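Report on the following structure.
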């Protein structure tokens, strides 16, 4: 069917064309043929013109056969059209969906409703094989069948036998002597397989992955001092059975170099001593290309903060191969000082322009400042209104000292009507529903109506927040809520509270990263005790009643310098809060809490997290002790893992209740890293942790002390260590931990495996 023929039947002499007729057409319009013919009525037709006409019509790809002949003064063009593909069937595809394969074929010009061409079919088969090769299926077999149908149509069937996926059996680096093969291969995404390979598919060859791995190998060597390291070649071979693959990489290591000197040159614009402090490259260090790159960026950014948007820093190495040293000169060319002409915002079809511009730290008409541009982007991302924020600062044509700041936004849905289903260990099934809009009418204001119901906690709330109640960024918010807390449901403690309240919140920014918060409110708490309640609870209700009104006041300070709200790698989050039950209510108390969380990057993949929390609370005025339902509790996820939820601290064995405490201290140390074998997965994070905490109560009664209940900082200390996993699933964060309690006392409730599935509103 791919055979094409051309026939020319000519008169003895050239002739002038008086008419042109086309015969044999079925689908193609005559006008299409006339458009491609290089001759027209009135032209003199010759052998050369005939060959040119045949070539032009064949070039369309529409015809299998083209004949030209003359009948008197009439030129007759007879064609045989190629068939049309009316059916394209793919059988046996499992690795790809049929739609994926059909799209790949269509991109290569082979699809239903198109003209059939054997060459295109051959190309289509090769394209499908390439798709399978990219998945490691080198033994794939594809058998095409072409079936003729009536009216010059065909059906094409592709029968696919996918075969097995080829696995990498060996990766060998030839010429590598300075490091063990295993250490070098740790840098690779491709592996020879492991217990997780059935998920990660890291033992399946990919050209793109190999290219990336070779770059990682080069970076590894150059960060270890081998300036002249190079990759000579890489060979990929496959076994005869097409099941096993072998990778051989040939390298030359070169010599290991030490930094002999670091100098700055050029027009610095900033005091040299200040710029030298930014340098990551130090004299006497082993050469590290990553530090060179970081130094260049730090210098460029610093000059950018002075208005030099197009500062250029070139690194000039002076290599002494005999001494195996290298001196580096960082040549600074600041360029012109630049100003921002305009700030252009695009893509905000919902969000008002002023909501975006009030977050910007780079202003129109002001000198360009790289730090302000970066911070503007960060603040827009933190709003949560946009899927993507792209900021560019192109030069203005014919104005070398000006740039525009172009902000491209891709908005996301900020309103939701959603439900949640989760499971919290120690609480059971948690159902929730929430209606929220974090960007009401594009104004940046937030409102939500939510509920969650579980065995221990039932919460109902209505909230409203205006983050820019004043132009300076003072926020104003309101909350209405009803909370039912029933620890008796899980034998934590024998009581129940139902609290209904309302509050008004203010937040005042004092620096770019610091904020002071104030809250004033009131709430009513109804307390239910039982016959088996601890005597302390029963005595409290006798003295203060089972229904109490509290005037609430809170003042807090927060500072957040983390680089990400979800997966931070550097920075800190600090919170200090003082909650009060104020005079005027039936209960007066204070609760002081302080938490600091620090993140330190240990390497590209590993982060050290240090967390510390302190709590100090008590009653004052007419309330002689902290209301027991305001006590701190400890144990489980969020404090000391490996112990049952809220089970650390003073324990009343008679009432079988954990009393909680009015003093607490918690410390957590974690090494955070990607899930093994899934470095590029942004939804999974693993950690090794050590937890320590203590909870004690200074308000134990004489009767409680007489029955043997003790409470001191040393009595309450508990320790644990283990492994944790966090997964940002479509249902919300899921947390799992396996912990080994390192200190276990009589009465402690150990729970080595703990988890929380889903989130509650």
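The values are calculated or read from the model by the stated rules, or taken from the named source; none is laboratory data. Just so you know, these numbers come straight off a predicted model, no measurement behind them. Note that each Cβ is placed from the backbone with ideal geometry, even for glycine, and that neighbours are counted across all protein chains shown.
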Looking only at region 66-99, count how many residues are farther than 16 Å from residue 111 by Cα, in a strand (DSSP E or B) and within 57 Å of the chain's Cα centre (by Cα). 2
Failed criterion for residue 222 (all others in (1) touching a residue at least 60 places away in the same chain (Cβ under 8 Å); (2) surrounded by 15 or more Cβ atoms within 10 Å (Cβ to Cβ); (3) touching a strand residue (DSSP E or B) at 6+ places or on another chain (Cβ under 9 Å) hold): (3)
So, in region 374-388, of the ones that are surrounded by 20 or more Cβ atoms within 10 Å (Cβ to Cβ) and touching a strand residue (DSSP E or B) at 6+ places or on another chain (Cβ under 6 Å), which residue ends up farthest from residue 268 (Cα to Cα)? 386
Positions within region 193-206 being closer than 15 Å to residue 168 by Cβ, touching a residue at least 12 places away in the same chain (Cβ under 8 Å) and loosely packed, with under 14 Cβ neighbours inside 10 Å, in sequence order: 194
Checked 272, 290 against criteria (touching a strand residue (DSSP E or B) at 6+ places or on another chain (Cβ under 6 Å) and surrounded by fewer than 16 Cβ atoms within 10 Å (Cβ to Cβ)); the one match is 272
Filtering region 695-718 down to residues that are buried (at least 20 other Cβ atoms within 10 Å of the Cβ) and over 23 Å from residue 619 (Cα atoms) yields 718
Would you confirm whether or not region 355-373 contains a residue that is under 25 Å from residue 445 (Cβ atoms), in contact (Cβ under 8 Å) with a residue 60 or more places away in the chain and surrounded by fewer than 17 Cβ atoms within 10 Å (Cβ to Cβ)? yes
Can you tell me which residues in region 633-646 are touching a residue at least 60 places away in the same chain (Cβ under 8 Å) and surrounded by fewer than 23 Cβ atoms within 10 Å (Cβ to Cβ)? 633, 637, 644
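To keep it simple, each residue is scored yes or no on (1) buried (at least 17 other Cβ atoms within 10 Å of the Cβ); (2) closer than 26 Å to residue 506 by Cα.
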position	(1), (2)
562	yes, yes
585	yes, yes
594	no, yes
604	no, no
609	yes, no
618	yes, yes
When the residues of region 694-707 are filtered to those that are out of contact with any helix residue (DSSP H, G or I) (no Cβ under 8 Å at 6 or more places or on another chain) and in contact (Cβ under 8 Å) with a residue 24 or more places away in the chain, which remaining residue is farthest from residue 639 (Cα to Cα)? 707
Of the numbered conditions (1) in contact (Cβ under 8 Å) with a residue 40 or more places away in the chain; (2) not in a loop (DSSP other than H, G, I, E, B), residue 184 satisfies every one except a single condition; which is it? (1)
Any chance region 217-231 includes a residue that's at pLDDT 90 or above and in a strand (DSSP E or B)? yes
Determine whether residue 507 is over 27 Å from residue 647 (Cα atoms) and surrounded by 17 or more Cβ atoms within 10 Å (Cβ to Cβ). yes
When the residues of region 305-318 are filtered to those that are in contact with a strand residue (DSSP E or B) (Cβ under 8 Å, 6 or more places away or on another chain) and buried (at least 17 other Cβ atoms within 10 Å of the Cβ), which remaining residue is farthest from residue 224 (Cα to Cα)? 307
Just need a number here: residues in region 236-261 that are loosely packed, with under 15 Cβ neighbours inside 10 Å, modelled with pLDDT of 95 or more and under 34 Å from the mean Cα position of the chain (by Cα). 1
From the list 501, 521, pick out the single residue that is assigned by TED's automatic domain parsing to the domain that holds residue 657, closer than 30 Å to residue 561 by Cα and surrounded by 15 or more Cβ atoms within 10 Å (Cβ to Cβ). 521
Within region 644-652, is even one residue touching a helix residue (DSSP H, G or I) at 6+ places or on another chain (Cβ under 6 Å) and on the phi > 0 side of the Ramachandran plot? yes
A careful count of residues in region 531-545 that are in a loop (DSSP other than H, G, I, E, B) and over 49 Å from the mean Cα position of the chain (by Cα) gives 3
So, in region 55-65, exactly how many residues are surrounded by 19 or more Cβ atoms within 10 Å (Cβ to Cβ) and part of a helix (DSSP H, G or I)? 1
Can you confirm whether residue 740 is closer than 14 Å to residue 643 by Cβ, at pLDDT 90 or above and surrounded by fewer than 16 Cβ atoms within 10 Å (Cβ to Cβ)? yes
